[in-house]
């Protein structure tokens, strides 16, 4: 078991994984309903607490995690949910001066504060007037002793679209109208108090009822960011593992990305301006914060939907499960445009739990192959990849009358700046590539690991593609 | 007649694209556009060490390469149509 923790970045992910694994394990054996209430005790046995004040609170929170692993609160339309009792009610006082303030002479903090919020006591120690402070953070930046800190909650810092506030019980609360389901808060909360709902039970059910393909064929559609995941094994072993679990075959979502790149290039040349539509969190952000720009969103489906649609058109007996790094894809799959094509969404985190719930050690398996898409479809997984692909698609389709001026926005903050400029007609570009997660999909909340090397892994995987051009990759589809 | 060429990973790496191209050409040369529907498929479930899997109506043929394509086409497509 100690080996398993190395598969994740944080212990919160590991805990979530253990719950998912146990829930799935019981589901395979059809014993979930009987053994449901024993799962928390199985994870935290004995009398000594390991995480919280006492084992009873730990188990109470675990039973909430079990609920989320089983699909969460059906009354809440958001796929991201707060576990109220797990929220540690972090201090949320904003900028505060700490004991490190030495009462210096320079008073850089005072000089930089445009609101005049900083005053000094008889010991020359700084104080911040909360009624004047707008939390710009300049004072904290200039203090040579780092004496001013931001006591903001990690979830609120993570949520760049400002969907998180603090409710009357002092717990985090998500504004569903603003939330893009990107999952940044899920990954950042140090107490694991915010979680993405899991549809792992739907997946177990789909696998079981397929009866090894006798009733319908189950297709796994995997996102290209998988190349940076499961790094303890070979990608080919992950593919074998999926088939062993009961999937008929595995298809690259990157092939959908190839298809999207080609039609996006044509749509862009025709309309003269577009924002990308691949990232569901970016699309949802435009809808909630820049409604006037909605007509400019590309009419292409996302690569996930595009390829799933194609699979269902070629095989009437197909069901599709998307496996990726993204919590927002769970929300996208529930939209009208995606629902008929995508039967369930799983994150890499959840896939790991699913493998282990069946005791499938992928490192012991033979390597299968995965190759449907081109280099360009595969690099969609990282920021800038979509732009490179559209550039290539313009070239391959000989669109010469159109000058492509893209802007790649890495993370939702860069997206906001570009959209704001566009709404004021001050954007010197005709295409916005929007990726809500920093780094692109490889920064997604559903990734097992996040790291500097992941971009290089995606590029390497891209270069290994059998097809170098987009047209070659999609030529087999017609 | 429906001809499905496997474009799943395994066959793709063994040259699905070439076989699709050869099929399109052969259909054109023999003026069979009205008789034959070409389609793709992600894995027919008969992954072979050599060549591509092609399904002609209900019959599955494995190991189709550009070398044996002509023979396959004459025997399993032309023969059946005429």
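Laid out as a table, the results:
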item: Any hit, the range A:460-467, residues being closer than 19 Å to residue A:158 by Cβ and surrounded by fewer than 16 Cβ atoms within 10 Å (Cβ to Cβ); result: no
item: Residue B:35, sole failed condition from (1) outside any loop (DSSP other than H, G, I, E, B); (2) surrounded by fewer than 21 Cβ atoms within 10 Å (Cβ to Cβ); (3) touching a helix residue (DSSP H, G or I) at 6+ places or on another chain (Cβ under 8 Å); result: (1)
item: Residue within the range A:205-215 that is more than 14 Å from chain B (Cβ to nearest Cβ) and crowded, with 24+ Cβ neighbours inside 10 Å present; result: no
item: From B:6, B:11, residue being in contact with a helix residue (DSSP H, G or I) (Cβ under 7 Å, 6 or more places away or on another chain) and either within 12 Å of chain A (Cβ to nearest Cβ) or over 16 Å from residue A:477 (Cβ atoms) (or both); result: B:6
item: Options B:45, B:40: the member that is touching a helix residue (DSSP H, G or I) at 6+ places or on another chain (Cβ under 6 Å), at the interface with chain A (Cβ under 9 Å from one of its Cβ atoms) and either surrounded by fewer than 22 Cβ atoms within 10 Å (Cβ to Cβ) or not in a loop (DSSP other than H, G, I, E, B) (or both); result: B:40
item: Of residues in the range A:327-385 being within 14 Å of another protein chain (Cβ to nearest Cβ) and part of a helix (DSSP H, G or I), the one nearest to residue A:228 (Cα to Cα); result: A:378
item: So residue A:477, is it more than 14 Å from chain B (Cβ to nearest Cβ), surrounded by 16 or more Cβ atoms within 10 Å (Cβ to Cβ) and touching a residue at least 40 places away in the same chain (Cβ under 8 Å); result: no
item: Failed criterion for residue A:221 (all others in (1) in contact with a strand residue (DSSP E or B) (Cβ under 6 Å, 6 or more places away or on another chain); (2) in a helix (DSSP H, G or I); (3) within 14 Å of chain B (Cβ to nearest Cβ) hold); result: (2)
item: Residue match in the range A:206-218 (condition: part of a strand (DSSP E or B) and either in contact with a strand residue (DSSP E or B) (Cβ under 6 Å, 6 or more places away or on another chain) or in contact (Cβ under 8 Å) with a residue 24 or more places away in the chain (or both)); result: yes
item: The one condition in (1) under 24 Å from residue A:440 (Cα atoms); (2) touching a residue at least 40 places away in the same chain (Cβ under 8 Å) that residue A:159 fails to fulfil; result: (2)
item: Every residue from the range A:34-84 that is under 30 Å from residue A:149 (Cα atoms) and surrounded by fewer than 14 Cβ atoms within 10 Å (Cβ to Cβ); result: A:50, A:53
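A quick yes/no check of all residues on (1) in a strand (DSSP E or B); (2) over 20 Å from the mean Cα position of the chain (by Cα):
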| position | (1), (2) |
| --- | --- |
| A:150 | yes, yes |
| A:168 | no, yes |
| A:182 | no, no |
| A:187 | no, no |
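Throughout, read-outs are computed from the coordinates displayed, never taken from laboratory work. Just so we're clear, the structure is a prediction, and the values are computed from it rather than from any experiment. All Cβ positions, even for glycine, are placed from backbone atoms using ideal geometry, and neighbour counts span all protein chains on display.
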